[in-house]
Structure formats: structure tokens, C-alpha cells
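Data first, discussion second: the structure below is written as C-alpha cells.
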Amino acid sequence: MAMDLIVRGANLPDGRAGVDIGVHDGRIVAVEPALEAEAGQEIDASGRLVSPPFVDAHFHMDATLARSLTRALPASGQSGLLFDGINMWDALKQRLSAEEVVERALTYCDMAIAQGIQAIRSHVDVCDERLTGVEALLEVKRRVSGYIDLQLIAFPQMGYYRYAGAQQHLKRALDMGVDVVGGIPHFERTMADGTASVSELLEIAAERGLLVDMHCDETDDPLSRHIETLSRETLRLGLQGRVAASHLTSMHVMDNYYVSKLIPLIAESEIDVIPNPLTNIAAWGDNNGSYPKWRGMTRVPELREAGITLAFGQDCVMDPWYVYGSADMLEVAHMGSHVAAMFSDDQVRACFDAVTVNPARILHLEGYGLEPGCHADMVVLQAADPLEAIRLKATRLAVIRRGEVVARTPAAVTELSVPGRPNSVALTYRPADPDNA
């Protein structure tokens, strides 16, 4: 069979090396060494890591790149802490038009595809009678569908019960075509309201046959235990494998004995967990200026050891919650590795999986991967393996979507003028393999 594209000599994330990837009609048709075929286009990936696309399982696209707009708001809200950011966003969104949200979101999608992200799950605030963000992001979803799979979550940012009208607005958003049911139980006024919101929102998802992704226990309060309710209701309604819990930051200050019972319950309910390393450690830790200061990442290694599917999300880029961000999921994996203290080869590979195959599974993406039959979506990285890719936050040399190159970036090379040294060096280093020394 004549191929449309062959990527030659690739290293794959699972450790296979020198593999050719053949593409025809937008699908991968062959993955094997020394593929004997001709193609209309070939890419030399010798010694390079070729990965399936990066997937961001947790983002807020309606607020992205809006940081500059917050300068008109009171400076007292610009602390970077979570609840200050929520209040700042609530004030800001009243001033936004759908056109403004579309323009910022499209700019972000340009950044994302250039960095190899080809699927994003974005929360969209429904605590707005106009549903400006919903209208805008549904339009963005339509316009980027050729290169990014955008999945939208109806998210009651100010509380499903706490915000007047949120219950009706959320259902309107789902009727308009939003894909996933969201929630924020820890932001309700009482624990009882939070518990009731979890039950009602999961019942809506069950009735409509939808997935669930809930902001859950994003707080430093060890008594915020809505993940327990989420697990129970998932089991009651038979939603195993369809529910994700985002953040779970309260788990890092919970009693160890309680967590020893909680984690098996999460595993039994088959709930996926989505920590957000960059913003989780930035939005927590003030503790009224005292010490010790907490770091708001959930218990990633322990959840992983229990067999729970974990994905790392970007969460925010230059918005009311987070001043940084660059649509770089390798940066997210890099921070996740540090905060979770995951440094063994196996753990680093798990961090790479947390921005590729795991979020793809959580989003239920069809045709994702690097095997025959999968969509011909991939990223050629200036790195030899996942560890080097995360360490260097490797340059995306080529981003391929359905067999077409949609983005290219020149290799990062430094020119040296040092006596006795090479004139140029790539910023890579691979120690000798002791088995082949």
C-alpha cells in the first residue's frame, strides 16, 4: 500500500526504538521497524520521541488570557489565591462579550496546537444568565474541530445552589450542546448543600447519559470530603468509568487513617482523578501568612498505587487565578513530578502518561494512540524518551493531525564560542546505556 506519510526511525513512549509509522487516509496503518513502503511525505524522526498528542483534561478556556483585564479590578483581589480569583472572575465576566471570549480562546488554541495539544476538556461557567461563555466556547469548538477536540463542561463556578439560577442555567447549557456535567460542592454555603449538589448533578448526568467532571474538595479544609459522596453516588447510579474528580487538594491535609479508607472507595467507584500541579501549588499555601504552609497537591503516588487513573491538567493560563502558563503539558508534567516527588523511571513515565494516554482515556477519545487503526495524530519531540522530554520540556519539532503536519518548530540549538568545544550543541544529554557499554 502506498502511504501518505511515513515517520521514520521513531522512539515510542513504551520504549520501542527505530520504529516507522505509516499513515494512510488519516489513520495509522503500520507501526514496525524498516517499513518497506513509499510515501508522499517522509519525516526523519531518528532518535526522536514520537508521542501521541498531549491532552489537557482540565482547563478554563472562557477565562484564559484574561489576566490583563483584571488590572481594572481592585488590586486586593489579585493575590493568586483561589477564592480571590473566583471573586475577581465573577466581577470580570459581567463585562465580557462572546466575541471577546472567542478571540482569546482561539488565540489559546493556536498556542495549544503549536505545543502538541490536540484535545482539551474545558470547564465553562454557567453562573451567568446570558451564558456568554457557553455561547462563545460552543462556537470555538466548532471552529477548532479540525485540529483540537474540545470537550466542554457545564460548570456552576459560583455554586449550583449558592448562585441564584445556576440550576436552570446548567440545564440550558446542556441543552445547547455542552458535553459534561460539572459541579463545585465545596463552594456551596453548607456541607449539606454540597452533598445535595453532588447527588442532583450526578442524577442529571445519569438521566442524560453524560460524563461528569466535578471540582471536588479544592480547599485546605481536611473536613471537605465531597469525594466520599461523589464515590457513593457514582456507585449508586452505576456511573463507574464516567466520573472524574478534579483537584482533591483537601486530601493533602486529611487524616491518614481516613484516607486509607477513602482511596479504596475511589478505586471501587472507578472515579478518575485530575490534579492540576501548577495552579494547585500556587492557589494554596497562604495560611494567613503563617508557617508551615501547605502545598495543595493531592496524594498522587498513593492514588496511582491503588490503580486509579490520574491525569495532570493545565487548569489556567494568564487568567484571574494564575499569572503564568504557556499551553505546555510537559511543563505541567515536570511540575507534577516535582510536587508529587515522582522521580524513578517508572514514576516519570507515569507523569508522561498523565498528559497523554490517561487524559485521553478520561475524555473517552476515540482512535487515540500509536497503533494501527488509530488516528494519525502525533507529536515529534526533540528528545529521546519521556524522561528527557519532561526534563527539557522538549521542543515540538512537528505536530501531526490526521496525517497532516499542522505545526513545526525548529530544533533548539545553542551556538557556542568556547575554546576547544563544538561550535553548536543541542540541549540534550543521554548517559550511556550500561547494558550496551
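The values are calculated or read from the model by the stated rules, or taken from the named source; none is laboratory data. Keep in mind it's a predicted model, so treat the numbers as computed, not measured. Counting neighbours? That spans all protein chains shown, and the Cβs are built from the backbone with ideal geometry, glycine included.
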Enumeration of residues in the range 224-266 that are surrounded by fewer than 16 Cβ atoms within 10 Å (Cβ to Cβ), of a type in the set (Gly, Ala, Ser) and on the phi < 0 side of the Ramachandran plot: 260
Kindly check whether there is at least one residue in the range 313-333 that is under 22 Å from residue 14 (Cβ atoms) and not hydrophobic (A, V, I, L, M, F, W, C). no
For the range 83-129, what are the residues that are in contact with a Lys or Arg (Cβ under 8 Å, 6 or more places away or on another chain) and of a type in the set (Asp, Glu)? 125, 128
Out of the residues in the range 18-41 that are charged (D, E, K, R) and surrounded by 15 or more Cβ atoms within 10 Å (Cβ to Cβ), which is nearest to residue 355 (Cα to Cα)? 27
Pull up the range 16-44, narrow it to residues that are touching a residue at least 60 places away in the same chain (Cβ under 8 Å) and at positive phi, then point me to the one that is nearest to the chain's Cα centre (by Cα). 26
Output the number of the condition that residue 344 fails; it satisfies all remaining conditions of (1) buried (at least 20 other Cβ atoms within 10 Å of the Cβ); (2) polar (S, T, N, Q); (3) out of contact with any Cys (no Cβ under 6 Å at 6 or more places or on another chain); (4) modelled with pLDDT of 95 or more. (1)
Candidate set: the range 85-112, residues that are surrounded by fewer than 23 Cβ atoms within 10 Å (Cβ to Cβ) and among the aliphatic types (A, V, I, L, M); chosen: the one farthest from residue 54 (Cα to Cα): 91
So, in the range 352-388, exactly how many residues are more than 22 Å from residue 409 (Cβ to Cβ), buried (at least 23 other Cβ atoms within 10 Å of the Cβ) and in contact with a helix residue (DSSP H, G or I) (Cβ under 7 Å, 6 or more places away or on another chain)? 1
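Please enumerate the residues belonging to the range 189-203 that are touching a helix residue (DSSP H, G or I) at 6+ places or on another chain (Cβ under 7 Å) and either over 23 Å from residue 235 (Cα atoms) or surrounded by fewer than 20 Cβ atoms within 10 Å (Cβ to Cβ) (or both).
Of everything in the range 189-203, those that are touching a helix residue (DSSP H, G or I) at 6+ places or on another chain (Cβ under 7 Å) and either over 23 Å from residue 235 (Cα atoms) or surrounded by fewer than 20 Cβ atoms within 10 Å (Cβ to Cβ) (or both) turn out to be 195, 199.
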